[in-house]
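Presented below is the structure to which this report refers.
What follows draws every value from the coordinates through simple rules; no lab data is involved. Just so we're clear, the structure is a prediction, and the values are computed from it rather than from any experiment. In this analysis, Cβ positions are derived from the backbone assuming ideal geometry, glycine residues included, and neighbour counts consider all displayed protein chains.
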Amino acid sequence: MRASLNQLDQICAQILSRLPDGGIILLRGDLASGKTTLVKAFVKMIGIAEEGSSPTYSVQQVYGDRVYHYDIYNEGVEKFLASGLLEELEKEGYHFIEWGDERLAKILSAYGMGYLTISIEPDKEAREYQFEAA
């Protein structure tokens, strides 16, 4: 699905339709592909007053009582696991994980945790979003 910045509500609506009660969303894409921008749009769309920001240095941000945003780029899966954040994924809500790679996907599957992967590819003034459920 292709969308520009002013069409992110369509991508957010896709997330809500696929995960109406929350779930784990692995966000994949290169630096500056729009992963954090998508989370910010989602937070705004569901009516949370806080503005989303990148958790690059804090690993986790929480918005309201139902959106959890993780960035494991700097620390990797090992730090994510060592910090006890795997247990956080059991909380009700939407869990967006930037840089969720195949290793994390295998761990989630081993624990019986389903997830939605969204791959983001820049395409001129827009982005191409590919959804894959597991």
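Computed 3J(HN,Hα) for the range 84-91, one whole-Hz value per residue from the Karplus formula 6.51 cos²θ - 1.76 cosθ + 1.60 where θ = phi - 60°, is x, 6, 4, 5, 4, 5, 7, 5, glycine and proline marked x.
Relative to the current alpha-carbon distance between Gln7 and Lys106, full extension at 0.36 nm per residue lengthens the span by 32.5 nm.
Taken as Cα centroids, the range 82-134 and the range 17-56 sit 11 Å apart, rounded to the nearest whole angstrom. Residue order for Val39, Val67, Val59, fewest other beta carbons within 10 angstrom first, comes to Val59, Val67, Val39.
Which of the GluC sites (Glu not before Pro) across the range 1-100 are loop residues per DSSP, with 13 or fewer other Cβ within 10 Å?
Those that pass, being in a loop and sparsely packed, are Glu50, Glu51, Glu90, Glu92.
Can you pull out the trypsin sites (Lys or Arg not before Pro) in the range 67-134 whose DSSP state is coil and whose Cβ has at most 11 other Cβ atoms within 10 Å? Those that pass, being in a loop and sparsely packed, are Lys124.
Close amide H pairs (under 5 Å, H built 1.01 Å from N) link Ile25 with His95, Phe96, Ile97, Leu116, residues at least 5 positions away or on another chain.
For the chain, taking Cα atoms only, Rg and Dmax work out to 13.7, 39 Å respectively. The antiparallel fraction among DSSP beta bridges confined to the chain stands at about 50%.
The alpha-carbon of Lys91 sits under 21 angstrom from the alpha-carbons of these lysines, leaving out residues fewer than 8 places away in its chain: Lys40, Lys44, Lys79, Lys106. Magnitude of the charge dipole for the chain, about its Cα centre and with charges confined to Cβ atoms of Lys, Arg (+1) and Asp, Glu (-1), is about 200 debye. Only beta bridges with both residues in the range 66-134 are counted; by DSSP, about 60 percent of them are antiparallel. When the chain is treated as a GNM with alpha-carbon contacts under 10 Å, the residue of Ala105, Ala41, Ala32 showing the greatest mean-square fluctuation is Ala32. Amide H of Gly34 versus every other amide H placed in the peptide plane: which residues, excluding those fewer than 5 positions away on the same chain, fall under 5 Å? Answer set, sorted by chain and number: none.
Remark: spin-label model distance Phe131-Glu92 equals 2.3 nm, labels positioned 7 Å along the Cα→Cβ axis. First check a/c for the range 28-90, with a ≥ b ≥ c the square roots of the eigenvalues of its C-alpha gyration tensor; if it is under 1.5, answer rounded, and if not, answer prolate when a/b is larger than b/c or oblate otherwise. The shape class here is oblate. Converting phi to 3J(HN,Hα) with the Karplus coefficients 6.51, -1.76 and 1.60 and the offset θ = phi - 60°, the range 72-77 yields 9, 4, 6, 9, x, 5 Hz in sequence order, with x at every glycine or proline. Considering only DSSP states other than H, G, I, E and B, which chymotrypsin sites (Phe, Trp or Tyr not before Pro) in the range 56-134 qualify as loop sites with at most 10 other Cβ atoms within 10 Å? Answer in residue order: Tyr57, Tyr111.
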